[in-house]
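Nothing in this text is a laboratory measurement; each read-out follows from the coordinates by a stated rule. Predicted model only: the values in this text are computed from it and were never measured. Reconstructed Cβ throughout: ideal geometry from the backbone, glycine too, with neighbour counts over all protein chains shown.
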Amino acid sequence: MEHEHGAQENQYDENQIQVLEGLEAVRKRPGMYIGTTGPKGLHHLVYEIVDNAIDEALEGYCTHIETEILPDNVIRVTDDGRGIPVGIQQQTGLPAVTVVFTVLHAGGKFGNGGYKVSGGLHGVGASVVNALSEWLEVEVRDGRHVYRQRFTRGKPDFDLRREGDTTETGTTVTFKPDSQIFEQLDFDFEVLHTRLREEAFLNAGVRMTLTDRRGLEVRQDSMCYEGGIRSFVEWIHARKGLTLLHEDVVYLSGEGGGSTAEVALQYNDSYNELLLSFANNVNTGEGGTHEDGFKLALTRVLNDYGKRAGILKEGDKLAGEDVREGLTAVISVKLQDPQFEGQTKAKLGNTEIRGLVSNIVGQALTTYFEENPSVARAIVDKAMTANRAREAARKARELTRRKSALETASLPGKLADCSERDNVRTEIYIVEGDSAGGSAKEGRDRRFQAILPLWGKMLNVEKARLDKVYGNEKLLPIITALGCGIGEELDPAKIRYNKVIIMADADVDGSHIRTLLLTFFFRHMRPLIEQGHIYIAQPPLFRVSRGKKMRYAYSEIERDAYTAELYPDGGKPDIQRYKGLGEMDPHQLWETTMDPDNRVMLQVTMEDAMKADATFSILMGDKVAPRKEFIEENAQYVTNLDV
Ligand code: TSJ
């Protein structure tokens, strides 16, 4: 749009009106800009600000980014970059820094003004954070002066002002998320810590520090990885305590068409695959073209090498699954205009990236194998072993189980099935323990709710190939009841229930069962998680009652709120604590946990499942040190419903 350039003052007014309308739109529909006003959206505000500082680091002007959680859940992010430009921008007549915080989608170029202000490689921009904050303050240090501006719910309290002299450079942004917008304001140290560590791995050499100043004791961690994604792979392996197949992480990188791609990979002696991928530092949990290109090239290079080296004979052909057994890989691509697709917008769609990654990996890995034949040999040997095991398992399964166990013809004996057959509305509760199973069977709506009680010993899925999983007494009834197969034979369309609900006690044992089952689904039935079929039931932890009035509480905070509500005048409150599902009678279980009109359920995300998978590896792994460390690290934070 062309603007008639009038007097400076008029323009300022016009712009101000547009600006206020823009930020008002963000406050009216926050979901459009940050996805949700739940905890995820709240934490997203921090990433948004940090991403802007990371852009400065990527340009080479900033080495340290500090994030502080201050009392009252105020966030402060400080970098040592050049400082956001304070010069007047021709187009708006405003200082560039003011524009950054008040103009929606300030990304891209700011024309003749001379300042190119990027709104983060992917971000919605700092103005969105400003709009959704009760207040926000920015301080810029340009090596000569300190500048400051403050905003309330997106509107400037005063114009940018020069406050004093400094020899330092950098930017500090401090903000308080708005309680009128967000459901709750509690920042989770672990969540921020995990994300900032990821950022530190993805941006080699940039120091990321996180400090929590809310409690009596300050909690702080500072992370900087010169090795970048190579260090990421090393860190994952060390944390899981896995035995490595070869000493060095393989690192491959290249560029083309204005995009860059880098891959770090290493094999361990387990049977699991862990592939983490990122596009512009955004975690692409649903995969996409960069993952496709990588998988394609890996399979091809290993087959070619195996043939050339005489390890693979005529007729031998390694499948993708074979070459990824025991593989940990991190893929990171950076591109101009990323297209995020899929249910959670976590799948990279840019078609040109498939070829780019596949070419880079194809060439670089071939060269690497030529120069490191012993590594190549170890990997091909392992893939060949996987291939044979898979073939043997398939044959065994075809012979023995095809008809009997895996087809709907014979459902598990303990399953109390529902009467409806159409899988649109049906649900299956997987319940640990016979007494809870009994209550659930009695309390359910048998038309659409099926109950499967679990019994027996859980298999260590870490150590098991698919053939063992099929034979396990605890897992087999689940596979059979769901009726959609498993592993490469999984057909989600065949699932017999729309919702698969894990129901376990809110204690340590229950938490273990949830971790085990989520890990099992993650490893062997992943599409069910991706398609949103897996849920976790949330039984209440307390019942607060006074005479005939009673309320169920699902957290200590709720318990206290209901107590205050029912006992405004004091007196000894009647509070029952539920230690296990077995303590509830069938009607109570229905009312609190199973009735679709009343219950609270958590839908399991890929993130939850990945977390469970990591926890599981640590808890079940060979090495004692990582397990001890994990338990020590988490002991004080383990909450009842932590999965
Ligand atoms: F986004 C933000 F405003 F919230 C924010 C931006 C928050 C934080 C903590 C840091 C930053 C930020 C921005 N740090 N560094 C910069 N750099 C620039 O904006 C900048 C500086 C100089 C020049 C130039 O061309 O001279 C250009 C830019 C984009």
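Here are a few things to note about the model shown:
- With contacts taken as Cα pairs under 8 Å at a separation of at least 6 residues, region 206-252 carries a relative contact order of 27 percent.
- Computed over region 183-270, the convex hull of the alpha-carbon atoms projects to a mean area of 9.0 nm².
- Taking Cα centre as origin and charging only the Cβ of basic (Lys, Arg, +1) and acidic (Asp, Glu, -1) residues, the dipole magnitude of the chain rounds to 2240 debye.
- Stretch gain in nm, segment residue 157-residue 213, where the contour uses 0.36 nm per residue and the Cα spacing is subtracted: 17.5 nm
- Relative contact order %, the chain, counting alpha carbon pairs below 8 Å whose residues are six or more apart: 9 percent
- Share antiparallel - DSSP beta bridges, the chain, percent rounded to 5: 75 percent
- Calculated FRET value between residue 558 and residue 435, using beta carbons and R₀ = 30 Å, to 0.05: 0.70
- Spin-label model distance (nm) - residue 372 vs residue 545, 7 Å beyond Cα toward Cβ: 6.5 nm
- The distance from the alpha carbon centre of region 161-228 to that of region 246-307 is 30 Å, rounded to a whole number.
- Among 518, 528, 550 the positive-end extreme of the charge dipole of region 508-560 (Cβ point charges): 550
- Listed pairs 579/611; 28/347; 40/611 exceeding 18 Å between Cα atoms: 579/611; 28/347
- Partners for residue 572 among aspartates and glutamates (Cα-Cα distance below 19 Å; same-chain residues under 8 apart left out): 556, 558, 560
- All-pairs alpha carbon distance profile, region 460-598, 10 Å steps from 0, percent: 10, 33, 27, 17, 10, 3, 0
- Taking a straight Cα-Cα cut-off under 20 Å and skipping sequence neighbours fewer than 8 places away in the same chain, the aspartates and glutamates within cross-link reach of residue 494 are 398, 407, 417, 420, 422, 427, 530.
- Rounded to two decimals, the Cα radius of gyration of the chain over 2.2 N^0.38 Å is 1.08.
- With the simple spin-label model, which puts each label point 7 Å out from Cα in the Cβ direction, the residue 391 to residue 359 separation comes to 3.5 nm.
- Trypsin sites (Lys or Arg not before Pro) restricted to DSSP loop in region 263-372 with at most 16 other C-beta within 10 Å: 313, 317, 345
- Structural descriptor for region 518-614: relative contact order 40 percent, calculated from alpha carbon pairs under 8 angstrom and at least 6 residues apart.
- A simple spin-label model places the labels of residue 579 and residue 247 5.4 nm from each other, with each point 7 Å out along Cα-to-Cβ.
- With semi-axes defined as the square roots of five times the eigenvalues of the C-alpha gyration tensor, the equivalent ellipsoid of region 161-210 measures 26, 23, 7 Å, largest first.
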